[in-house]
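Take a look at the structure below.
The values are calculated or read from the model by the stated rules, or taken from the named source; none is laboratory data. Here the structure is a predicted model, which means the values were calculated and not measured. A quick note on method: Cβ atoms are made from the backbone with ideal geometry, for glycine too, and the neighbour counts reach across all protein chains shown.
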Amino acid sequence: MENQQSLDLNVVFKALADPTRREILKQLSKEDAYVSQLAEPHKMSLAAVSRHVQVLTNAGLMHRTREGKSIRCHLNAVPLKEATDWLAYYSQFWEQKLDSFGAFLKEEK
């Protein structure tokens with residue numbers, strides 16, 4: 001189970017590594033959008049945006065719905081929550097380590 005979760009997080013973090021994909025998610029956090037609408041602010045072809053959309057879909061970060069000839073995209077924030085939870089755990093770990101180090105330094109003075 002843990003290995004599967006790690007694999008999913010690897011896919012999520014890989015998808016989030018690209019700034020264009022992060023911007024697409026930001027757009028979708030405001031409202032659903034068609035692929036053509038997602039392409040507009042990025043000055044890239046529909047094919048290029050479609051590849052980004054595919055990566056985000058494979059990571060579970062968004063869903064697509066076909067409406068006639070158009071594809072409507074919807075944000076799925078669940079994987080973002082899982083990634084945030086994972087980061088929060090390690091953030092807490094480092095905060096504890098730094099607090100301990102700070103206490104050690106105070107004792108040394």
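Brief remarks follow.
- Any chance Lys69 is charged (D, E, K, R) and on the phi > 0 side of the Ramachandran plot: no
- So Leu56, is it under 13 Å from the mean Cα position of the chain (by Cα) and more than 14 Å from Val11 (Cα to Cα): no
- Any chance Leu80 is in contact (Cβ under 8 Å) with a residue 12 or more places away in the chain and closer than 14 Å to Leu9 by Cα: yes
- Among the residues of the range 17-41, just one is over 16 Å from Thr65 (Cβ atoms), modelled with pLDDT under 95 and surrounded by 15 or more Cβ atoms within 10 Å (Cβ to Cβ), namely Ala39.
- Residue that is modelled with the highest pLDDT, among those in the range 66-109 that are surrounded by 11 or more Cβ atoms within 10 Å (Cβ to Cβ) and among the polar types (S, T, N, Q): Asn76
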